[in-house]
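Everything on this sheet refers to the single structure shown next.
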Amino acid sequence: MKHNIKLFLAAGLIGLTASCTDLDVPVESQYTTYPNTEEALEAQLAGIYFQMRDCIGRRYMEAMALSSDEFTSVAYGNNWYDNGAYAHPSLHNFTYEDASIDWMSVLGSGVVKANEVIDNSTDEAKTAMARAMRAYFTFVMMDCWGDVPIVDNSRNDIDIKERQPRADVARWIESELKAIIPLLPTEVGGDNYGKPNKYMAQTLLAKLYINWPVYMANGVENYDAATATNEKLADCVAVCDEIIKSGKFELGPDAYRFKFAPDNTERFNNGTIKDFIYVMPYHTTEATGMQYGRSHNYKDIKNLDPSYYGEKLSNSGGGYIAVTPEFASKFNLKGDERNMMILGNNNCQNDGVVYVYDKETLLPTKQVAFDKEGNALILNKDIKLVEKDFTINVGDNLEGWRQGFRSVKWFVWNSDYRNGRNQSNDVPLMRYADVLLMKAEALVRQNASGNEAQNLFNQIRSYVNAPVIDHNPSLEEIYDERGREFFDENMRRTDMIRFGHFEDEYFPHYKDFPTANFDKTRRVFPIKKEELDLNPKWKQNNGY
């Protein structure tokens, strides 16, 4: 991340501490009075833009990843069980005290901060950017918790104590986005890197439209992917077309793997990454919180010399998030560069042998990595448990540590990792690739004539050197392709629900696993105990 961005992010430390969901406190008393200057306004906005940095860097990622078929948690004896914070999402057996869903108030606080700017600023463009963030925070809450409050101003003339029906929230988000899109900046990079822009709002609108029947269902458990109809498909295609026709984005020119590297900020600024529409910036010391490596790494990575990242790492790994065998098997296209994101895949051989990667090219070499006892490190794709119990315990020893393939998508450099395991890899929240696949999906769902869906699909395949298809893709092909393309990017849970696969079986979410839950109410998370205590009029989500 470049230094000027670091300085801007530091300004974002100015912020409010109260959550908008603390409804026993009068709304106006939650605010700090800011001086009426451009600098103060920028500081307020920075606090809004980067409100989610910490939870995206860990807890939001854990909730999204572990409740999907991409990843499972593993415990090493009693280590990394943590009262079920990771095992519960993996089994869809959430509780309202799980640490992995302890971030609803972060979103609510972001809404409060945005409302202060919206209600007090006379700068139309800045107000629109704050409204975009308010819509984004509300969208995430709605997607994850269903019914949520619509808090569209900071005054006391609205009742924010009640959660509104999910369908009403979706319609409100749509109206907000349509109103502000003409007012938002069209600059994606430069001083606007990491801030909302026109195309971020349009992409969010497309996401809303492609998931429209999920959000319109009368109860989360009543959505049926096989029978649902989507009245917003034409609108989804239209908004995707606007983004495509802007000419601002493309899949390349950098290879896929570099988009997620520690220097992806510099690559974006140099014009070799053009796929990012909206991004959360990180830096190992100046904008901390991105720690995907810590949870995804091999447990004993500190004792690998060199590690599979091409150098010895200064800190240990937590290693409590492993790739499920079912998801690892999806990386089966010969020549597909994305296969290298799965440590142990080895270009579809699935032999589990761990090779040392070159830290400059981010490609595996022929050098085998060795564990601390000098044995070749071989990961076990089919995860073996000590016993089939609620902890998902693999054992705290060399045999246990090698259970499960690992993600190396968010490549680690020790120059970052030595600083409290913080990484400088910026996390794209919206990418052009998603726009292409959403449009392809909408066309297929419309039964559109012609081969446009095939062409969109093949743009993705050609870019990563995977085999192209000679037909319009089926919905299942699109679903699998989205899994490969957006692996480890916090999108899979939402995709699984839309495509009707959230209740599928995948490790350890099996029908014969004693604590696995298959209730459709698990499509949203429970409201945290603290939120219910603060908001006595709220009721817990069905099924919890």
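Key figures for this structure:
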| item | result |
| --- | --- |
| In the range 319-331, the residues that are part of a strand (DSSP E or B) and either among the small types (Gly, Ala, Ser) or over 20 Å from the mean Cα position of the chain (by Cα) (or both) | Ala322 |
| Residue, most open to solvent (accessible area, probe 1.4 Å), within the range 446-474, restricted to residues that are within 17 Å of Val237 (Cα to Cα), touching a helix residue (DSSP H, G or I) at 6+ places or on another chain (Cβ under 6 Å) and in a loop (DSSP other than H, G, I, E, B) | Gln446 |
| Residue, nearest to Ile56 (Cα to Cα), within the range 392-417, restricted to residues that are out of contact with any Gly (no Cβ under 7 Å at 6 or more places or on another chain), buried (at least 24 other Cβ atoms within 10 Å of the Cβ) and aliphatic (A, V, I, L, M) | Val408 |
| Options Lys384, Lys388, Lys334; residue that is part of a loop (DSSP other than H, G, I, E, B), touching a Cys at 6+ places or on another chain (Cβ under 9 Å), farther than 27 Å from Asn419 by Cβ and open to solvent by 40 Å² or more (accessible area, probe 1.4 Å) | Lys334 |
| Selected residue (only one of Thr127, Thr138, Thr72 is within 25 Å of Leu343 (Cβ to Cβ), polar (S, T, N, Q) and not in a loop (DSSP other than H, G, I, E, B)) | Thr72 |
| Residue tally, condition farther than 12 Å from Pro306 by Cα, touching a residue at least 24 places away in the same chain (Cβ under 8 Å) and of a type in the set (Val, Ile, Thr), over the range 350-364 | 1 |
| Every residue from the range 369-378 that is in a loop (DSSP other than H, G, I, E, B) and free of Cβ contacts under 8 Å to residues at least 40 places away in the same chain | Glu373, Gly374, Asn375 |
| Index of the failed condition, Trp103 passing every other in (1) in contact (Cβ under 8 Å) with a residue 60 or more places away in the chain; (2) under 25 Å from Thr203 (Cα atoms); (3) of a type in the set (Phe, Trp, Tyr) | (1) |
| From Asp488, Asp504, Asp512, residue being outside any helix (DSSP H, G or I), touching a strand residue (DSSP E or B) at 6+ places or on another chain (Cβ under 6 Å) and either modelled with pLDDT of 95 or more or open to solvent by less than 20 Å² (accessible area, probe 1.4 Å) (or both) | Asp488 |
| Qualifying residue in the range 199-213 (condition: part of a loop (DSSP other than H, G, I, E, B) and crowded, with 17+ Cβ neighbours inside 10 Å) | yes |
| Residue within the range 349-367 that is touching a helix residue (DSSP H, G or I) at 6+ places or on another chain (Cβ under 8 Å), part of a loop (DSSP other than H, G, I, E, B), open to solvent by 10 Å² or more (accessible area, probe 1.4 Å) and at pLDDT below 95 present | yes |
| Subset of the range 233-266 (residues that are of a type in the set (Asp, Glu), buried (at least 17 other Cβ atoms within 10 Å of the Cβ) and assigned to a helix (DSSP H, G or I)) | Asp235 |
| The listed residue being touching a residue at least 24 places away in the same chain (Cβ under 8 Å), of a type outside the set (Asp, Glu), more than 27 Å from Ser246 (Cβ to Cβ) and surrounded by fewer than 19 Cβ atoms within 10 Å (Cβ to Cβ), out of Gly108, Gly146, Gly219, Gly189 | Gly219 |
| Residue match in the range 279-286 (condition: of a type in the set (A, V, I, L, M) and over 30 Å from Met133 (Cβ atoms)) | no |
| Restricting the range 312-321 to residues that are open to solvent by 10 Å² or more (accessible area, probe 1.4 Å) and touching a residue at least 40 places away in the same chain (Cβ under 8 Å), the residue that is farthest from Thr284 (Cα to Cα) | Lys312 |
| Near pairs, Cβ below 7 angstrom, 6+ apart or cross-chain, from the range 527-544 (of a type in the set (Val, Ile, Thr)) to any residue that is part of a loop (DSSP other than H, G, I, E, B) and crowded, with 17+ Cβ neighbours inside 10 Å | Ile527/Trp538; Ile527/Asn541 |
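Every residue, every condition in (1) in contact with a strand residue (DSSP E or B) (Cβ under 7 Å, 6 or more places away or on another chain); (2) touching a residue at least 24 places away in the same chain (Cβ under 8 Å); (3) not β-branched (Val, Ile, Thr), yes or no:
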site: Pro306; (1), (2), (3): yes, yes, yes
site: Gly310; (1), (2), (3): yes, yes, yes
site: Val323; (1), (2), (3): yes, yes, no
site: Asn332; (1), (2), (3): no, no, yes
site: Asn339; (1), (2), (3): no, no, yes
site: Gly344; (1), (2), (3): yes, yes, yes
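The values are calculated or read from the model by the stated rules, or taken from the named source; none is laboratory data. What you see is a predicted model; the values in this text were computed from it and never measured. In this analysis, Cβ positions are derived from the backbone assuming ideal geometry, glycine residues included, and neighbour counts consider all displayed protein chains. We work out accessible area using only protein heavy atoms, side chains counted, and drop any ligands, DNA or RNA first. Shrake-Rupley method; radii C 1.70, N 1.55, O 1.52, S 1.80 Å.
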